[in-house]
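Written below as structure tokens is the structure these notes are about.
The values are calculated or read from the model by the stated rules, or taken from the named source; none is laboratory data. As the structure is a prediction and not an experimental result, all values here were calculated from the model. Because the Cβ atoms are built from the backbone with ideal geometry, glycine has one as well, and the counts that use them run over all protein chains shown. For the accessible areas, the whole protein counts, side chains as well, though only heavy atoms, and no ligand, DNA or RNA atoms are used. Shrake-Rupley method; radii C 1.70, N 1.55, O 1.52, S 1.80 Å.
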Amino acid sequence: MDPAKREVLERQGYEVVGEHSGVKVCHWTKSSLTKGVGCYKETFYGIKSHRCLQMTPAVDSCNLGCLFCWRTQEWGSDSLAHADDPGFIVEESIEAQRHLITGFKGNPKVSTEKFDEAWHPNQVAISLTGEPTLYKRLGEMIDEFHRRDMTTFLVTNGTTPAVLRRMASEGRLPTQLYVTVAAPNADVYRKLMAPKSEHEWEKLKETLALLPSLDTRTVIRHTLVEGWNLGWEDEYAALDATAQPMFVECKGYSFVGESRLRLRVENMPEHRVIRQFADTLGDRLGYKVAAEREDSRVVLLTRDGALHPIVS
Ligand code: SF4
């Protein structure tokens, strides 16, 4: 990896793994270790935030330029031309997590028991930065995590249905598959997601149509930006109806990281606005509110209005 890029990433708290992967300790992992407060996915799905490894196999590669993205985007990249070995990435990512949390050992706010559990992550969030499906050995990497009894959350922007189809045919789907749907139509998509080619919107719709056939837990996440993509509940409901997801998350945009170079603090919707959107969308879709976390400005919709935690 280009030393200048590695330096920027390390200054941002990343540990670079191999040629194109990265690990960064999540805010909520730290919060769970020190204050016992985990992330909204702990509330919604029962994962343990202090045992969660946040990583990406595409630390500097994405095919979109979402305005609300908190990551550094301005990097052209061919780092994925050479795909690192999946087993190597998994082993080194676990080591990187241990290296990054070492400082919590001996912290009076962190119990020995909790630290020992964190030393053995049992959940991985493949979401940190970039588009993970651009890494051509992603299915194998997910297999490697599962072989270590770790649950896997994969967050994708949905522009590579062929990759998901192949992973499904190989039986290498994640425990929970997230697809970000942050636009109700092609026009808003072009303005807010700034795709690098013209086929991405159609590809996303192809992925939504594929979701009902995938044998795993599926989530549509609507990242909502005030003044850009909030509203259009009928259009979002039509897209979600195509995908028939197990879960729909309505989540407010956060004015953090490099998104502050592209958006304003006023673009962060209040929780009550997210709740209103979720209520209306739920009515249109026939889903019900199952849970919400005001501190994370997120509302969860399910078909039966109940929670369905991961049983690992
Ligand atoms: S699931 Fe996401 S938010 Fe929760 S601890 Fe893991 S990386 Fe953080």
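Return yes or no: is T34 at pLDDT 95 or above and either out of contact with any helix residue (DSSP H, G or I) (no Cβ under 7 Å at 6 or more places or on another chain) or away from the ligand (no atom under 15 Å from the Cβ) (or both)? Judged against the criteria, T34 is a match. Please determine, by comparing only the residues of the stretch 123-155 that are hydroxyl-bearing (S, T, Y), part of a loop (DSSP other than H, G, I, E, B) and surrounded by 21 or more Cβ atoms within 10 Å (Cβ to Cβ), which one is farthest from the ligand (Cβ to nearest atom). For the stretch 123-155, the residue satisfying everything is Y135. Of note, E198 does not satisfy the criterion of being part of a helix (DSSP H, G or I) and surrounded by fewer than 21 Cβ atoms within 10 Å (Cβ to Cβ). For the stretch 261-274, filtering for residues that are in a helix (DSSP H, G or I) and either surrounded by fewer than 16 Cβ atoms within 10 Å (Cβ to Cβ) or under 21 Å from the mean Cα position of the chain (by Cα) (or both) leaves 7.
Identification of strands (runs of 3 or more DSSP E) wholly contained in the stretch 1-56 with 2 or more residues that are under 30 Å from V289 (Cβ atoms) yields 52-56.
If you take the residues in the stretch 97-122 that are in a helix (DSSP H, G or I) and among the polar types (S, T, N, Q), which one is most open to solvent (accessible area, probe 1.4 Å)? Once the filter is applied, the top-ranked residue is T112. The residue of the stretch 26-54 that is nearest to the chain's Cα centre (by Cα), among those that are open to solvent by less than 50 Å² (accessible area, probe 1.4 Å) and of a type in the set (S, T, N, Q), is Q54.
Based on what the data block shows, is V181 touching a His at 6+ places or on another chain (Cβ under 9 Å) and within 19 Å of G252 (Cβ to Cβ)?
Judged against the criteria, V181 is a match.
Yes or no: D234 more than 23 Å from R165 (Cα to Cα) and open to solvent by 60 Å² or more (accessible area, probe 1.4 Å)? Yes; evaluated as a whole, the condition is true for this residue.
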